[in-house]
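K.L.:
Here's a structure for you.
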Amino acid sequence: MTGPPLPRAAPPLPAPAAGSPERLPFFVYGTLRPGGRHHAWALRGRTRAQEPARMPGLALYEGPGYPYAVETGTARSETAADAAPPADRTDTGRERGNRPHADRDHGDWVHGDLVWPTEAAYPDVLRTLDALEEYRPGHSDNLYERVARHARHARRAGGESVRAWVYLAGPALAARVRAAGPAIAGGDWHHRDVTLGASFRSSERD
């Protein structure tokens with residue numbers, strides 16, 4: 001029996017204007033995932049592709065109605081302020097020197113979805129998600145930081161790696177979350193143990 005056809009790879013977005021953030025897809029892991037309460041108003045109708053993926057070097061914690069993704073130190077990230085330029089690519093579009101399983105030893109994974117906004121909607125989607133996550137570029141007191149990380153497709157052979165924006169807990173919030181917990185085993189908020197009550201409560205958004 002053959003499985004369903006794999007989704008086509010989304011073509012690269014045009015280069016951003018000078019001074020604009022790189023137009024990467026977004027890795028979402030909580031209420032912005034398809035079926036989540038923020039997906040309909042923030043993303044529906046403004047994306048051209050979306051597919052399951054996972055991201056290494058992160059731990060997921062239960063919050064008051066949404067999850068927190070926290071760095072574990074097992075994978076390097078780039079902040080939105082100093083993200084490196086895109087890697088050189090070969091004619092096939094694969095990054096030079098990219099090893100298919102370069103991060104296989106990272107034991108900490110968060111499951112989510114990669115979403116590609118349409119070209120026309122990208123600036124508004126970026127502003128919308130920055131506002132939702134209360135992220136302000138260049139501010140040291142952000143609760144969440146938008147960082148560029150590599151995610152791996154969940155349905156493609158070899159787990160193709162894609163750079164994406166993801167919103168992670170800033171240092172102060174991450175410290176409180178680690179101390180209060182609880183961690184979500186398996187790193188998948190959609191398949192967490194819903195009987196597990198969150199011991200961490202605050203008025204802060206994810």
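K.L.:
Count, please, the residues in segment 40-74 that happen to be open to solvent by less than 10 Å² (accessible area, probe 1.4 Å) and assigned to a helix (DSSP H, G or I). Reasoning before the result, please.
P.N.:
If we filter segment 40-74 for residues that are open to solvent by less than 10 Å² (accessible area, probe 1.4 Å), which is where we start, we get 42-43, 51, 53, 55-58, 60, 63, 67-70.
When the remaining residues are screened for being assigned to a helix (DSSP H, G or I), the result is 42.
Adding up the residues that qualify gives 1.
K.L.:
Here is a follow-up. Within segment 133-175, how many residues turn out to be touching a Ser or Thr at 6+ places or on another chain (Cβ under 9 Å) and surrounded by fewer than 18 Cβ atoms within 10 Å (Cβ to Cβ)?
P.N.:
Looking only at that region, the number is 0.
K.L.:
Mind telling me which of the residues ASP130, ASP124 ends up being more than 14 Å from GLU71 (Cα to Cα) and without any contact (Cβ under 8 Å) to a residue 24 or more places away in the chain?
P.N.:
On the way: ASP124 fails: without any contact (Cβ under 8 Å) to a residue 24 or more places away in the chain.
Only one candidate passes the filter, namely ASP130.
K.L.:
Same structure again: Could you go through segment 137-155 and let me know if any residue there is touching a Leu at 6+ places or on another chain (Cβ under 8 Å), at pLDDT below 90 and over 19 Å from LEU173 (Cβ atoms).
P.N.:
yes
K.L.:
Has segment 60-79 got at least one residue that is at pLDDT 90 or above and farther than 24 Å from ALA179 by Cβ?
P.N.:
Checked segment 60-79: no residue is at pLDDT 90 or above and farther than 24 Å from ALA179 by Cβ.
K.L.:
Can you name every residue in segment 30-55 that is hydroxyl-bearing (Ser, Thr, Tyr) and more than 15 Å from THR118 (Cα to Cα)?
P.N.:
If we filter segment 30-55 for residues that are hydroxyl-bearing (Ser, Thr, Tyr), which is where we start, we get 31, 47.
THR31, the sole residue that qualifies.
K.L.:
Hey, could you check segment 137-157 for residues that are outside any strand (DSSP E or B) and in contact with a strand residue (DSSP E or B) (Cβ under 9 Å, 6 or more places away or on another chain) and say which is farthest from TRP109 (Cα to Cα)? Quick ask: steps written out before the conclusion?
P.N.:
To start, the set of residues in segment 137-157 that are outside any strand (DSSP E or B) comprises 137-143, 154-157.
Filter once more, so that each one left must be in contact with a strand residue (DSSP E or B) (Cβ under 9 Å, 6 or more places away or on another chain): 137, 143, 154-156.
Numbers: PRO137: 26, LEU143: 21, ALA154: 12, ARG155: 16, ARG156: 17 Å.
Checked segment 137-157; the qualifying residue farthest from TRP109 (Cα to Cα) is PRO137.
K.L.:
OK, next. Just checking, does segment 115-135 include any residue being touching a Pro at 6+ places or on another chain (Cβ under 7 Å) and assigned to a strand (DSSP E or B)? Walk me through it before giving the result.
P.N.:
In the first step, residues of segment 115-135 are kept if they are touching a Pro at 6+ places or on another chain (Cβ under 7 Å); the result is 115-116, 119, 125-126.
Narrowing further to those that are assigned to a strand (DSSP E or B): 115-116.
Checked against the condition, which is being touching a Pro at 6+ places or on another chain (Cβ under 7 Å) and assigned to a strand (DSSP E or B), segment 115-135 yields at least one hit.
K.L.:
With the checklist (1) at pLDDT below 90; (2) under 26 Å from ARG192 (Cα atoms); (3) surrounded by 15 or more Cβ atoms within 10 Å (Cβ to Cβ) in hand, flag the one item PRO21 doesn't pass.
P.N.:
(2)
The values are calculated or read from the model by the stated rules, or taken from the named source; none is laboratory data. Since we're looking at a predicted model, the values are computed, not measured. All Cβ positions, glycine included, derive from the backbone under ideal geometry; neighbour counts span all protein chains shown. All accessible areas refer to the heavy atoms of the entire protein, side chains included, with ligands and DNA or RNA removed. Shrake-Rupley method; radii C 1.70, N 1.55, O 1.52, S 1.80 Å.
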